[in-house]
Amino acid sequence: MEFKNLLMETVDNVATLTVNRPRSLNSLTGEVLGELECALYGLDRDAGVRAVVLTGAGERAFVAGADIKEMAGMNALEGHAFARKGQGVMLLMNRMNKPVIAAVNGYALGGGLELALACDFIYAAATARFGFPEVTLGIMPGFGGTQNLARLIGPNRANEMIFTGTMLDADQARAWGIVNRVFPPEELLAKARETARAIARVAPLGVSGAKDAIANGLNMGKEDGFRYEAALFGVLFATEDQREGMGAFVEKRQAAFTGK
């Protein structure tokens, strides 16, 4: 399927999904959010895709935020609907069976940072910048940013970042635990794809089970999280991939996982 605002390509079981609005710094409109939802839904169900890299077109921005021109004329009901539409995309990314890596190549502000935070982890170019400037516009983060950032780095640092609209550079974002790794801009996409290919080579059901256990376990008490983990662990012993993986280990050969 072709999109007006997105580019997609799949190589070696890794899909690269690019927000392609460089003239507007890849800002998020309602139309873009709808296309992202459709694309991510399709990728999650594509047996030929085992990991996704999400990035932005051009060198200046990953996604510089939601489109302010579109938001400026919204009333309260429209603002609420827009927030729920954006949150739907972020929650879809959380629920996907496949890992999504954000390759942040420039500005990740507002809705763009929320999009990156909804990914499973973030790689950044040394030139990347991160922030929630919504309070300077008379609003607040609305696509899950208050929830995901506080869970990731703790409420104190999240409060400081969101209340002040402070922008962090890539090294600061890494020090605060927002970013996993920082690379020279020219290496970023290749490094993200390299990690995605490493994920694509291992058991997809094991990866999706681990993603499920981590995401849902964070919303449980520790003992409930342990029980949930054990349940998912047990289910994997009914899969062909478990038999293939352990059989390959015993036979000292490379496993060939099928996701079954």
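One residue is enough: does the range 151-162 have a residue meeting the conditions in the same structural domain as Ala64 (by TED's automatic domain parsing), touching a Leu at 6+ places or on another chain (Cβ under 6 Å) and in contact (Cβ under 8 Å) with a residue 12 or more places away in the chain?
yes
When the residues of the range 189-208 are narrowed to those that are in contact with a Phe, Trp or Tyr (Cβ under 6 Å, 6 or more places away or on another chain) and assigned to a helix (DSSP H, G or I), which ends up surrounded by the fewest Cβ atoms within 10 Å (Cβ to Cβ)?
Start the filter on the range 189-208 by keeping residues that are in contact with a Phe, Trp or Tyr (Cβ under 6 Å, 6 or more places away or on another chain), which leaves 191-192, 203.
Next, only the ones that are assigned to a helix (DSSP H, G or I) stay: 191-192.
Numbers: Lys191: 18, Ala192: 27.
So the residue we want is Lys191.
Entry remark, the range 109-156: residues being within 16 Å of Val53 (Cα to Cα) and either more than 12 Å from the chain's Cα centre (by Cα) or at pLDDT below 95 (or both) number 2 in total. Residues that are hydrophobic (A, V, I, L, M, F, W, C) and part of a loop (DSSP other than H, G, I, E, B) within the range 209-237 comprise Leu218, Met220, Phe237, listed in sequence order.
Is the range 237-251 home to any residue that is closer than 30 Å to Met8 by Cβ, hydrophobic (A, V, I, L, M, F, W, C) and outside the structural domain of Leu113 (by TED's automatic domain parsing)? Step through it out loud before you land on a result.
In the first step, residues of the range 237-251 are kept if they are closer than 30 Å to Met8 by Cβ; the result is 239-241, 244-245.
Pick out the ones that are also hydrophobic (A, V, I, L, M, F, W, C) and you get none.
No, that holds for no residue.
Looking at Ala158, Ala103, Ala124, which one is part of a helix (DSSP H, G or I) and either in contact with a helix residue (DSSP H, G or I) (Cβ under 7 Å, 6 or more places away or on another chain) or crowded, with 21+ Cβ neighbours inside 10 Å (or both)? Result of the check over Ala158, Ala103, Ala124: Ala158.
Filter the range 130-140 down to the residues that are touching a Gly at 6+ places or on another chain (Cβ under 7 Å) and surrounded by 15 or more Cβ atoms within 10 Å (Cβ to Cβ) and list them by number. Break it down into steps so the answer makes sense when it comes.
First, the residues of the range 130-140 that are touching a Gly at 6+ places or on another chain (Cβ under 7 Å): 131-136.
Those that are touching a Gly at 6+ places or on another chain (Cβ under 7 Å) and surrounded by 15 or more Cβ atoms within 10 Å (Cβ to Cβ): Gly131, Phe132, Pro133, Glu134.
Taking the range 168-186 as the range and being loosely packed, with under 14 Cβ neighbours inside 10 Å and of a type in the set (Asp, Glu) as the test, the residues that pass are Asp171, Glu186. Checking Leu115, Leu92 one by one, the residue that is surrounded by 24 or more Cβ atoms within 10 Å (Cβ to Cβ), of a type outside the set (S, T, N, Q) and closer than 22 Å to Leu218 by Cα is Leu115 and no other. In the set Ala198, Ala230, only one residue is at pLDDT 95 or above, farther than 26 Å from Val52 by Cα and among the hydrophobic types (A, V, I, L, M, F, W, C); that residue is Ala230.
Residues are listed down the side, and each one gets a yes or a no for (1) surrounded by 20 or more Cβ atoms within 10 Å (Cβ to Cβ); (2) more than 18 Å from Gly110 (Cα to Cα); (3) under 15 Å from the mean Cα position of the chain (by Cα):
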residue: Asn5; (1), (2), (3): yes, yes, no
residue: Val11; (1), (2), (3): no, yes, no
residue: Ser24; (1), (2), (3): no, no, no
residue: Glu31; (1), (2), (3): no, no, no
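Touching a residue at least 60 places away in the same chain (Cβ under 8 Å), aliphatic (A, V, I, L, M) and touching a Lys or Arg at 6+ places or on another chain (Cβ under 6 Å) - does that describe any residue in the range 183-201? Within the range 183-201 (the criterion being touching a residue at least 60 places away in the same chain (Cβ under 8 Å), aliphatic (A, V, I, L, M) and touching a Lys or Arg at 6+ places or on another chain (Cβ under 6 Å)), the answer is yes, since at least one residue qualifies.
The values are calculated or read from the model by the stated rules, or taken from the named source; none is laboratory data. Given the structure is predicted, the values throughout are model-derived calculations rather than measurements. We place every Cβ from the backbone using ideal geometry, glycine too, and count neighbours over all the protein chains shown.
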